[in-house]
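Q: Before I ask anything, here is the structure I am working with.
Throughout, read-outs are computed from the coordinates displayed, never taken from laboratory work. What you see is a predicted model; the values in this text were computed from it and never measured. Cβ atoms come from the backbone with ideal geometry, glycine included; neighbour counts cover every protein chain shown.
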Amino acid sequence: MGDHMSFRLLQRTLFVTTPFLLASAPASAHHVMGGRTPSTFMEGLISGLAHPVIGLDHLAFLLAVGVVVGVGGLNLALPAVFVAAMAIGVVVHVNGIGLPAAEIIVALSVLLAGALIAYGRALPVAIWATLFAVAGLFHGYAFGESIFGAEAAPLGAYLLGLVMIQSAVTVGIALATRQMGAGMSALAPRLAGALVVAVGVIALVGQFVLGA
């Protein structure tokens, strides 16, 4: 029964995420406004709300954060580590400070997070916090590409949108996972981890193909 529920959960997850994979090319994941820098508060807010969910690699990492916190019974404030580091990453980018191989590191962070979940062993909170902080910095740096050069109002709105959507997604997944509780097979989180690994591999291969 539990395994059947796990496969149903995996099927639902695939159903939700597959359209993002088909609709999102790696280069478009940071250009909600069609490549145009947001120029108003509302454009900045919409762009910030959309970016983490149209880029499948970013969305997969949010899924990983939520699953880790939910399954591990960790403090719901832990996603704030990722979100805060992400905001710092955006600020780093818009101030013209370069981080090397940002997109590759984003893909690797997705792959690593998925692999750790699929491994199925409890890890110290410090390890997850470190991964969330480092990954957040580089995910945020990637997000900063589409807001680079924007005025203060759209930039502030963009950051607000990023913080709102990523906090909502990670905490929402964590709470949903906890609500499933004993009714969820132990296999389900590992399947979710495998899905995240697959997204990370696709993103990583895409980066090497685009860079070739």
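Q: Set the Förster radius R0 to 35 Å, insert the Cβ-Cβ distance between LEU160 and ARG121 as r into 1/(1 + (r/R0)^6), and round the FRET efficiency to 0.05.
A: 0.45
Q: Run through the stretch 138-176 and list the chymotrypsin sites (Phe, Trp or Tyr not before Pro) located in a DSSP loop whose Cβ has at most 15 other Cβ atoms within 10 Å.
A: PHE148
Q: In whole Å, what is the distance between the alpha-carbon centres of the stretch 166-180 and the stretch 95-114?
A: Centre-to-centre (Cα) distance: 24 Å.
Q: Okay, next question. Given N residues in the stretch 84-212, what is its alpha carbon radius of gyration divided by 2.2 N^0.38 Å?
A: 1.17
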